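Chemist: Dumping the structure here so I can ask a few things about it.
The values are calculated or read from the model by the stated rules, or taken from the named source; none is laboratory data. Predicted, not measured: the structure shown is a model, and the values here were computed from it. Please note: Cβ atoms are built from the backbone with ideal geometry, for glycine as well, and neighbour counts cover all protein chains shown.
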Amino acid sequence: MAETADAGPGPLVVLVGPPGAGKTTVGLLLAERYGVAFRDTDADIERVAGKPIPDIFVDDGEPHFRALEHQAVADALAGHGGVLALGGGAVMDPATRKLLAAHPVAFLDVELADAVRRVGLDAPRPLLVGNPRARWRELMAQRRPLYEEVATVVVATAGLAPEQVADALAAALAGPPAGAPPAAGSGPADNEEAADEQAGKDQER
Ligand SMILES: Nc1ncnc2c1ncn2[C@@H]1O[C@H](COP(=O)(O)OP(=O)(O)O)[C@@H](O)[C@H]1O
Ligand SMILES: O=C(O)C1=C[C@@H](OP(=O)(O)O)[C@@H](O)[C@H](O)C1
Ligand SMILES: [Mg+2]
């Protein structure tokens, strides 16, 4: 999982994860709770393009959508201080992943059954057209390592209602209670100490 290199100005948290993870829904709930603005790069892209996402895919193709998406993410990371939800495929762009390295990023994790049930009730997603179960599984297999790479926290959403996911996310972002000792093996320093200790043992042999 990523360490936030330099939080600086920018979103309080950026939500990533596959379609149906609840990024848009939970992002809005969390922003209401914190009393901050919510932004979703899919909505930004639709505004810039002047048409819905499925129409962008059909009229202009996925590469054009991805170019708009990279620009929308870059603009939002630079100019939005609240909660930010990305589209599920934004992390596929290496330049976008590089930008995300400087921000707190939460990966909302979800299993196939929940995700497909959720998106089945929702607006059309061009990448899931045809066989949503098979397409979702393929997307997630490709992207899981990328979600894990950019994430500074991971929240499992299985069996949780959106309000409960927002609770879990707020708790994860707050971190351990003030004054609590760091959990053993939880930080890079622990890993370094463990590595030093191991190196010492190696030298003794
Ligand atoms: N934890 C959840 N439990 C049940 N339904 C959910 C949950 N999170 C989101 N949904 C529903 O699933 C659909 C997709 O959610 P959305 O927030 O658009 O996901 P994403 O932005 O990650 O693709 C919406 O209809 C939403 O109401
Ligand atoms: O997974 C993807 O590649 C996409 C996910 C969608 O957003 P959500 O993840 O919010 O559904 C949207 O950006 C577009 O349909 C492409
Ligand atoms: Mg969304």
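Chemist: Looking at PRO132, PRO145, which one is free of Cβ contacts under 8 Å to residues at least 40 places away in the same chain and within 16 Å of ligand 3 (Cβ to nearest atom)?
Modeler: Details: PRO145 fails: within 16 Å of ligand 3 (Cβ to nearest atom).
Only one candidate passes the filter, namely PRO132.
Chemist: Right, something else. Starting from the range 99-120, take each residue that is over 15 Å from LYS23 (Cβ atoms) and list its partners that are among the acidic types (Asp, Glu) and surrounded by fewer than 18 Cβ atoms within 10 Å (Cβ to Cβ), counting only C-beta distances under 8 angstrom and pairs at least six apart or across chains.
Modeler: ALA102/ASP6
Chemist: Given the criterion at pLDDT 95 or above, of a type outside the set (Gly, Ala, Ser) and over 15 Å from PHE107 (Cα atoms), identify the matching residue among GLU163, GLU192, GLU148.
Modeler: Only one candidate passes the filter, namely GLU163.
Chemist: Determine, yes or no, whether GLU148 is out of contact with any Lys or Arg (no Cβ under 7 Å at 6 or more places or on another chain), assigned by TED's automatic domain parsing to the domain that holds PRO54, more than 11 Å from ligand 2 (Cβ to nearest atom) and under 12 Å from GLY20 (Cβ atoms).
Modeler: Here the answer is no, as GLU148 does not meet what is asked.
Chemist: Where residues in the range 105-117 are under 22 Å from ALA170 (Cα atoms) and surrounded by 16 or more Cβ atoms within 10 Å (Cβ to Cβ), which of them is farthest from the chain's Cα centre (by Cα)?
Modeler: Taking the candidates together, the pick is ASP114.
Chemist: While we're looking at this one, here's another question. How many residues are part of a helix (DSSP H, G or I) and within 16 Å of ligand 3 (Cβ to nearest atom) when one looks only at the range 83-94?
Modeler: Result for the range 83-94: 3.
Chemist: While we're looking at this one, here's another question. One residue is enough: does the range 41-48 have a residue meeting the conditions more than 14 Å from ligand 1 (Cβ to nearest atom) and modelled with pLDDT of 95 or more?
Modeler: Residues of the range 41-48 more than 14 Å from ligand 1 (Cβ to nearest atom): 47-48.
If we keep only those that are modelled with pLDDT of 95 or more as well, we get 47-48.
Yes.
Chemist: Also: Condition check: within 27 Å of GLU32 (Cβ to Cβ) and assigned to a helix (DSSP H, G or I). Does LEU99 satisfy that?
Modeler: Spelling it out, LEU99 is indeed within 27 Å of GLU32 (Cβ to Cβ) and assigned to a helix (DSSP H, G or I).
Chemist: Related question: Could you check the range 1-82 for helices (runs of 4 or more DSSP H) lying wholly inside it with 2 or more residues that are farther than 22 Å from ALA156 by Cβ and out of contact with any Leu (no Cβ under 9 Å at 6 or more places or on another chain)?
Modeler: Output list reads 41-49, 53-60, 62-79.
Chemist: What residue, among those in the range 154-163 that are in contact (Cβ under 8 Å) with a residue 60 or more places away in the chain and under 14 Å from the mean Cα position of the chain (by Cα), is surrounded by the fewest Cβ atoms within 10 Å (Cβ to Cβ)?
Modeler: If we take residues in the range 154-163 being in contact (Cβ under 8 Å) with a residue 60 or more places away in the chain and under 14 Å from the mean Cα position of the chain (by Cα), then VAL154 is surrounded by the fewest Cβ atoms within 10 Å (Cβ to Cβ).
Chemist: Could you tell me which of the residues ALA151, ALA166, ALA170, ALA134 is of a type in the set (A, V, I, L, M) and more than 18 Å from the chain's Cα centre (by Cα)?
Modeler: Details: ALA151 fails: more than 18 Å from the chain's Cα centre (by Cα); ALA166 fails: more than 18 Å from the chain's Cα centre (by Cα); ALA170 fails: more than 18 Å from the chain's Cα centre (by Cα).
The unique qualifying residue is ALA134.
Chemist: With within 11 Å of ligand 1 (Cβ to nearest atom), out of contact with any Cys (no Cβ under 6 Å at 6 or more places or on another chain) and part of a strand (DSSP E or B) as the only criterion, which of LEU108, LEU160 stands out?
Modeler: On inspection, the qualifying residue turns out to be LEU108.
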